[in-house]
Amino acid sequence: MTAPSGPAPAGVPAVHCRSLGVSFGAVRALHDVSLDLAAGRIHALVGQNGAGKTTLAKVLGGLQTPDSGTVSIAGREIPHGDVRAAKAAGLAMVHQHFSLPPSFTVAEALELAAVRPGGRRVYRRADLHRRWQADVAELGGAATLSTRIRDLPVEARQSLEIVRALATEASVLLLDEPTALLTPAATDALFERLRRLRADGVTILVVLHKLREVAAVADTVSVLRDGELVLGPAEMSEVSQGQLSDAIVGSGAADAAPAGVSASGSGPDSPSGTATRSALLEMIGVSSADSAFEPGLAAIDLRVESGEIVGIAGVEGNGQRSLVSVIAGLSPLTAGSVRIGDDEMSAAAPALRRIRGLRLVPFDRNTEGVSQSAPLWLNQSALRLIDRHARDVVYPPRRGIVHAVAPAGSERDDSKLRVGERLGVRWRQLSPLISLRQFKSQAATAMDRWRVRYDNVAQPAESLSGGNIQRLILSRELDSDLEVLVAAQPTRGLDFAATEFVRRSLRGRRDDGAGVLLVSSDLDELFELSDRLAVMYGGRIVAHFDGPYDRRAVGDAMTGAVR
């Protein structure tokens, strides 16, 4: 692989685009966007979910062909949709969604992108590996160059995507929501690395959602709203947070909660319900096996009652994923019991837990929450068939129907493409038929209620922005007959308007009598929403707190000072 060209000549913008326009059917993603980014600086691009940030990033990287306009990198005009030309001009991109093959090792992933020492075709692998040791150490856990991508936790995969982009020795680095899956500590480490790259003359364009992150790292900021550039590039020293907020949301009106979902609650001190509430989720003495990068559970006792939000705090990697996986039925228990309502569910399949009223907003919306290649209507509604009919689903349909499968045991039909295998579904004889047209209509109605921005219910989930995928998941999980909601990092990677939308929705379901287990690395979010708080450390719950919360005491428990 040849080295990319160097930085832009003096006075030439590192990134120059003029009059860019992109439409997807009736949806206008970009309209007349013109932007000049000076070399050797960190530029932030912000806007609400669906504002066009990812589309602009893809156009700059040659991954999306614009309907109009031009793009130049370091003074070289890039042909539309030409990824190789963008890379040759010195641009490297870290995508919002993971792009590394799961079967690759860390070393293989880096070798695929790396510039060879001295630009040679023949090189010593050991030379490359020595250069990457420090980078791999930043992945955390037990990661080494021989670790398979599939064995890395989500945060480490995101970090590896960044390391791989840096291995290209690019002069322009484009990062699309790089902090979406990172812990606060990992975010700080990333920003420090970006500052070092800036000192070396690298130009950085980073798509961010949180204004405090923009203030922490950016030299300039640009704002997209509804596909139009409404602010910037503006010097951070000359823009107030109020001006940024106004530019991002326009009128300043936040999204209302969808019809039928209460948003009356205003904080952790306003749950509805009586003094004695029933336990909707109860874990007694639950233990589970360790995973490769996280301890298993150790004698967990946890109770979530009707009409309350219970928060789970902790430094990531201390058993939170194991907790969610065990509750969802995706990992087995080695001891203890799990009850949902009055039912013993310790050995129940995920599908049966859904039937009992358990809903899940997973840690990684892109790989755990949706099937990227499946159409929106199927992602939104397939699980709802299980919820409503206590039956299983097979797809694709014949002659415009979806088959709901009766719960009686009979021979498995392998001729059908199965959806939801991970749910523990067992395939049985075909039973009642449901109109596909009605199925799609119901999915569209639900997505419209949750303000998912889409063009057609048949488009794949991978065509949506991250925030809209999260809304799709929320429309499926919250807009149903739930008893218990397990929400893992539900606002991670969302802009502030979408974040408030999600928080109001969680309060609304609590006020309707549901029990909510909120797992988050954002202490401010936990303090704002939680009626009670538990702290995990080393796979154990080491402390319980009632509001108002003492940040220092919670922090001590998170770092192991309290056991």
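The values are calculated or read from the model by the stated rules, or taken from the named source; none is laboratory data. Remember, predicted model here, so these are calculated numbers, not experimental data. Here the Cβ is made from the backbone with ideal geometry for all residues, glycine too, and neighbour counts use every protein chain on show.
Out of (1) in the same structural domain as SER291 (by TED's automatic domain parsing); (2) in contact with a strand residue (DSSP E or B) (Cβ under 9 Å, 6 or more places away or on another chain); (3) under 17 Å from GLN320 (Cα atoms), the odd one out for LEU517 is which?
(1)
Mind listing whichever residues of segment 189-214 are surrounded by 15 or more Cβ atoms within 10 Å (Cβ to Cβ) and closer than 25 Å to ALA497 by Cα?
LEU190, PHE191, LEU205, VAL206, VAL207, LEU208, HIS209, LYS210, LEU211, GLU213, VAL214
Test LEU30 against the criterion of being at pLDDT 95 or above, touching a Leu at 6+ places or on another chain (Cβ under 8 Å) and either on the phi < 0 side of the Ramachandran plot or crowded, with 23+ Cβ neighbours inside 10 Å (or both), and give yes or no. Can you show your working first?
Details: at pLDDT 95 or above: no; touching a Leu at 6+ places or on another chain (Cβ under 8 Å): yes; either on the phi < 0 side of the Ramachandran plot or crowded, with 23+ Cβ neighbours inside 10 Å (or both): yes.
When the stated conditions are applied, LEU30 does not pass them.
What do you reckon, is LEU60 closer than 21 Å to THR144 by Cα and crowded, with 16+ Cβ neighbours inside 10 Å?
Numbers: closer than 21 Å to THR144 by Cα: no; crowded, with 16+ Cβ neighbours inside 10 Å: yes.
No.
Quick one: is GLY50 of a type in the set (Gly, Ala, Ser), assigned to a loop (DSSP other than H, G, I, E, B) and surrounded by fewer than 18 Cβ atoms within 10 Å (Cβ to Cβ)?
Values: of a type in the set (Gly, Ala, Ser): yes; assigned to a loop (DSSP other than H, G, I, E, B): yes; surrounded by fewer than 18 Cβ atoms within 10 Å (Cβ to Cβ): no.
Taking the combined requirement at face value, the residue does not satisfy it.
Which residue is modelled with the highest pLDDT, if the candidates are limited to segment 457-479 and must be surrounded by fewer than 16 Cβ atoms within 10 Å (Cβ to Cβ) and out of contact with any Phe, Trp or Tyr (no Cβ under 9 Å at 6 or more places or on another chain)?
Top of the filtered list is PRO460.
Any idea which residue in segment 502-550 is farthest from GLY285 (Cα to Cα), counting only those that are hydrophobic (A, V, I, L, M, F, W, C) and part of a helix (DSSP H, G or I)?
Initially, segment 502-550 is screened for residues hydrophobic (A, V, I, L, M, F, W, C), giving 502, 506, 514, 516-519, 523, 526-527, 529, 533-536, 541-543, 545.
Of the ones still in play, those that are also part of a helix (DSSP H, G or I) are 502, 506, 523, 526-527, 529.
On the way: VAL502: 32, LEU506: 28, LEU523: 26, LEU526: 24, PHE527: 26, LEU529: 26 Å.
Per the criteria, the residue is VAL502.
Could you list all residues from segment 302-318 that are farther than 14 Å from ALA543 by Cβ and either over 19 Å from the mean Cα position of the chain (by Cα) or in a strand (DSSP E or B) (or both)? It would help to see each step written out before you state the result.
Start the filter on segment 302-318 by keeping residues that are farther than 14 Å from ALA543 by Cβ, which leaves 303-309, 316-317.
Scanning segment 302-318 gives ARG303, VAL304, GLU305, SER306, GLY307, GLU308, ILE309.
Those residues that are part of a loop (DSSP other than H, G, I, E, B) and either of a type in the set (A, V, I, L, M, F, W, C) or out of contact with any helix residue (DSSP H, G or I) (no Cβ under 6 Å at 6 or more places or on another chain) (or both), I need them from segment 81-109; list them, please.
So in segment 81-109, the residues part of a loop (DSSP other than H, G, I, E, B) come out as 81-82, 89-90, 95-104.
Correct list: GLY81, ASP82, ALA89, GLY90, HIS95, PHE98, SER99, LEU100, PRO101, SER103, PHE104.
For segment 145-178, enumerate the residues that are part of a loop (DSSP other than H, G, I, E, B), at pLDDT 80 or above and not aliphatic (A, V, I, L, M).
Passing the criteria: SER146, THR147, SER171, GLU177, PRO178.
So if I check each of LEU60, LEU20, which one is at pLDDT 90 or above and more than 23 Å from LEU244 (Cα to Cα)? Steps first, please.
Working: LEU20 fails: more than 23 Å from LEU244 (Cα to Cα).
The match here is LEU60.
Quick one: would you say GLY25 is surrounded by fewer than 24 Cβ atoms within 10 Å (Cβ to Cβ) and out of contact with any strand residue (DSSP E or B) (no Cβ under 9 Å at 6 or more places or on another chain)?
For GLY25, the condition - surrounded by fewer than 24 Cβ atoms within 10 Å (Cβ to Cβ) and out of contact with any strand residue (DSSP E or B) (no Cβ under 9 Å at 6 or more places or on another chain) - is met.
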